[in-house]
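Engineer: This structure is in structure tokens; I'll ask about it shortly.
The values are calculated or read from the model by the stated rules, or taken from the named source; none is laboratory data. No experiment lies behind these values; they were computed from the predicted model shown. For neighbour counting, all protein chains shown are included, and Cβ atoms are generated from backbone atoms with ideal geometry for every residue, glycine included. Protein only, heavy atoms only, side chains kept; ligands, DNA and RNA dropped before computing areas. Shrake-Rupley method; radii C 1.70, N 1.55, O 1.52, S 1.80 Å.
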Amino acid sequence: PEETVTSSFASFIQAVQPEHLSKTVRHRSKRMILDSIGVGLVGSTTHVFDIALQYCRELYCSVAVSSVYGKPGVKLSPTLAAFTNGVATHSMDFDDTWHPATHPSGAVLPAILAASQMLPPNTKPNGMDFLLAFNVGLEVQGRLMHFSTEAQDIPKRFHPPSVVGTMGSAAATAKLLSLSMAQCTHALGIAASLAGAPMANAATQAKPLHIGNAARLGFEAALLAARGMEANPLILDEIPGCSGFSAFYSVYQPKPLSTPSDHHEFLLEKQDIAFKRFPAHLGMHWVVDAALSVRNLLMNYAGSFSPSLIRTIVLKIPVSKYINRPFPSSEHQARHSFQFNACAALLDGEVGLSSFTESSIHRQELRELLDKVVVEHPEDNAANFDKMYGEVALLLHSGDVLTGKCDTFYGHWRKPLSKESLLKKFRSNASHVLPEEKIETIIAMVDNLENLSDSSQL
């Protein structure tokens, strides 16, 4: 049969092997897995996670074999465990980010963790199988995002992980379950019918559902395909007059995915991942680093940080409506507010988990700083995670102006977190729910994932 874009993706999923993973890809993906587990563990302490878990425990109780982040002894059916753990991963907006913009790990890892526990003892995937399935999920997401120039910029219509993440979850699970090429094709087609969530739900408790649903629904798409359900075998192709996956993008130019060879280069080889140092939208990391820089200048200028010296705070940021929030009133709004994160960094000298508590958000001194903020959108400041910058200028009552600017924050793919910083973040996150010995066991297990005989142990 004539090869199509869709069939090329299915062929790739079916044919790719562990030996196609380079040392760099294995190293980077293990960092992602460890970080995502830590983020999921600390996310299991949030209110939105409790809502999702209670929902699943009350309504569904069949085939409870898959574990839940941060809840020893609690198990759910595999797809609901994937959903709940996906919600945990994004509950604080603390999970990794790629370019073009999406949160790749949270949509894939919960699905293949749950699937590993679902499989019978004699068919458990080993660590290399697990790593391969994870990277298949990443590769499909990345390739799909590269089909549209629209995906290069901060999104306006669909939240990307709800779109490409669902497809990645389906692909990863299909690989882990060893589906045939035809079944992989149908899994992608089914997943496309289950994908998509609007950006209007950013900065609300509904946003973590986007990751939870991506993990769960992609998983379900693979299970349905395994049981014989069919879908459009041209779902990824550009068919004039009939939208498939192109429905999610105004500009869509699909390209076939080559069958893996000895020299196949995964996108993760070429494009590293951004890891967040604090739990907020990625765009916040630029303004926080800029704010910390100008805060140091003010302390050197005046001997201490004194808000009374400041007449106006000028933020120079990209145009992006959903993260331009002058006076956030909830933790989720605060995580998506340039103004809040800049002022919190100025006031406290850091941004962390405690910055987004209700008492911190509603502090009088913070509100007084927010009143001084003026936003500007320079033409050269693109709404693009590879090109944007953050600038914070303090206009003092004395007439002096102090300026801090950041074009690459620590944790960005151009300035990756060190191993020490990544481990420090993981240990801090995991310590909210796990004892030290369990934390160190997970670190060692992920570090030696290639040698793990049964990935369900993770």
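Engineer: Looking at the chain, identify the longest residue range that excludes and avoids all GluC sites (Glu not before Pro) in DSSP loops having at most 11 other Cβ atoms within 10 Å.
Structural biologist: Excluding the exposed sites themselves, the longest stretch runs over 4-378.
Engineer: Over the alpha-carbon set of the range 251-318, divide Rg by the Kirkwood Rh and report the Rg/Rh ratio to two decimals.
Structural biologist: 1.28
Engineer: So what are the three principal axis dimensions of the chain from its Cα atoms, in whole Å, longest to shortest?
Structural biologist: Principal-axis extents of the Cα atoms in the chain, largest first: 74, 53, 42 Å.
Engineer: Give me the number: length gained by fully extending D380 to K75, i.e. 0.36 nm times residue separation minus the C-alpha to C-alpha distance, one decimal in nm.
Structural biologist: Between D380 and K75, full extension yields an extra 104.8 nm.
Engineer: Can you pull the one-decimal nm distance between simple spin-label points at E238 and E440, each 7 Å off the Cα toward Cβ?
Structural biologist: 5.6 nm
Engineer: Summing -39500 (n - 2.57) over the DSSP H runs of n ≥ 4 in the chain and dividing by its residue number, what mean residue ellipticity at 222 nm do you reach, to the nearest 500 deg cm²/dmol?
Structural biologist: So the helix-based figure for the chain works out to -15000 deg cm²/dmol.
Engineer: Where a Cα-Cα gap under 13 Å defines reach, which aspartates and glutamates qualify for K276, not counting those fewer than 8 residues away within the same chain?
Structural biologist: Here the aspartates and glutamates satisfying the reach criterion relative to K276 are D35, D93, D95, D96, D289.
Engineer: Let me ask something additional. What does the accessible area of S178 come to, in Å² to the nearest 10, when a probe of 1.4 Å is used?
Structural biologist: 100 Å²
Engineer: Given the peptides 179-185, 113-119, arrange them by the average over their residues of other C-beta atoms within 10 Å, most packed first.
Structural biologist: 113-119, 179-185
Engineer: In the full protein assembly as shown, how much of V319 is accessible to a 1.4 Å probe, in Å² to the nearest 10?
Structural biologist: 100 Å²
Engineer: Can you tell me the FRET efficiency between E365 and S431 if r is taken as the Cβ-Cβ distance and R0 is 25 Å, rounded to the nearest 0.05?
Structural biologist: Details: r = 30 Å, r/R0 = 1.18.
Working from the Cβ atoms, E equals 0.25.
Engineer: Run the 1.4 Å probe and let me know the accessible area of H281, rounded to the nearest 10 Å².
Structural biologist: Its heavy atoms expose roughly 10 Å² to the probe.
Engineer: A further question follows. Per the Kirkwood treatment, what hydrodynamic radius in Å, one decimal, follows for the range 206-266 from the mean inverse distance over all distinct Cα pairs?
Structural biologist: This gives a value of 14.6 Å.
Engineer: Compare D380, D272 by solvent-accessible area with a 1.4 Å probe and give them largest first, with all protein chains kept in place.
Structural biologist: D380, D272
Engineer: Let me ask another. Give me the distance in nm between label points sitting 7 Å out from Cα along the Cα-to-Cβ direction at N122 and V314, one decimal.
Structural biologist: Each label point lies 7 Å from its Cα, and together they span 7.3 nm.
Engineer: Does anything in the range 302-324 have its amide N under 14 Å from the 7 Å Cα→Cβ label point of S398, and if so which residues?
Structural biologist: 302-311
Engineer: Sticking with this one: Top to bottom by accessible area (1.4 Å), largest first, where do R143, R295, R227 land?
Structural biologist: Descending order: R227, R143, R295.
Engineer: Let me ask you something else. Taking just the alpha-carbon atoms of the range 282-406, what radius of gyration and Dmax come out, in angstrom?
Structural biologist: 13.4, 37
Engineer: At 1.4 Å probe size, with the rest of the protein present, what percent of the exposed accessible area of the range 339-395 is carbon and sulfur atoms?
Structural biologist: For the range 339-395, the apolar C and S fraction of the accessible surface comes to 44 percent.
Engineer: Still on this structure, please answer the following. Could you state the number of Å between the C-alpha centres of the range 129-167 and the range 192-266?
Structural biologist: 8 Å
Engineer: Considering amide H positions built from the backbone, and no H for Pro or chain starts, which residues 5 or more places from T312, or on another chain, come under 5 Å of its amide H?
Structural biologist: Under 5 Å from the amide H of T312 lie the amide H atoms of L395, each far enough along the sequence or on another chain.
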